[in-house]
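The values are calculated or read from the model by the stated rules, or taken from the named source; none is laboratory data. Keep in mind the model is a prediction, meaning the values are calculated, not measured. Note: ideal-geometry Cβ built from the backbone for every residue, glycine included; neighbour counts use all protein chains shown. Accessible surface is based on the protein model in full, side chains and every heavy atom, while ligands, DNA and RNA are left aside. Shrake-Rupley method; radii C 1.70, N 1.55, O 1.52, S 1.80 Å.
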Amino acid sequence: EIAYINPENGYKITEYLEGARVCDAENEEDLQKCMKKLREFHGQKLRVDHSFDLFGQMEYYESLWEGTPSAYKDYEKTKEAQATELHKLLEAESSEPVLCHNDFFSLNFLVEENGNVSLIDWEYAGMQDPHVDIAMFCIYSLYKKEQVDHLIDLYFEGNCDDRTRIKIYCYIAVCGLLWSNWCEYKRKLGVEFGEYSLRQYRYAKDYYKIVQQELGEEGKETCTK
């Protein structure tokens, strides 16, 4: 609960939650609680008058490099693949936008001793496809693919269709490049994120390949039916 907020500088005072801890992204019980909370939040279908534009934010962070080249030699090729193929795919497959957190990861969950779960830090909140939040949790947690698939299964309670799963893979690729761009901006300021930065860029590349593979397999299955 917010006790005070200054609209000019954003400083705020919130109620202290005694005994609360952050979510453990490797703990099954915590994951079940967090995915249940996320389903309930998305299910409210709340609306606001602004959105969180993944590709727009990507361009914004790149603009903050002020001409400094990317640390990755194949950045332009990676970006081009996202801006064309993945962008078009997501436009065709996106779900009805609702209010999303868009910075959805374990450290923004507070788990209280009584089992209540609170979601904090709404800086990036805005209208978006709700499946973006699932992708965000995966890449922040540095999940491997089997962990990604398990989290998807938890959110959908075992009922995720193949097209939706592929779409979430797309979002993992896009969000990986988004936060890689953010890390490169921070690098320009002298702040290094080490493995985290590299892993985000790897998500952009690896999950683009996974999407292409999955779409290829899907096409083969269609042809054999």
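Tabulated data
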{"item": "Residue that is nearest to GLU28 (Cα to Cα) [pool: residues in the stretch 121-148 that are open to solvent by 30 Å² or more (accessible area, probe 1.4 Å) and in a helix (DSSP H, G or I)]", "result": "GLN147"}
{"item": "Close pairs from the stretch 94-118: first within 20 Å of GLN44 (Cβ to Cβ), partner surrounded by fewer than 13 Cβ atoms within 10 Å (Cβ to Cβ) and among the aromatic types (Phe, Trp, Tyr), Cβ under 7 Å, at least 6 apart", "result": "HIS101/TRP122"}
{"item": "Pairs where the first residue, in the stretch 1-30, is closer than 16 Å to GLU112 by Cα and the second is open to solvent by less than 80 Å² (accessible area, probe 1.4 Å) and of a type in the set (Gly, Ala, Ser), C-beta under 8 Å, 6+ apart", "result": "LEU17/SER118; ALA20/SER118; VAL22/SER106; CYS23/SER106; ASP24/SER106; ALA25/SER106; ALA25/SER141; ASP30/SER106"}
{"item": "Residues located in the stretch 45-84, provided they are of a type in the set (D, E, K, R) and surrounded by fewer than 16 Cβ atoms within 10 Å (Cβ to Cβ)", "result": "LYS45, ARG47, ASP49, ASP53, GLU59, GLU66, LYS73, ASP74, GLU76, LYS77, GLU80"}
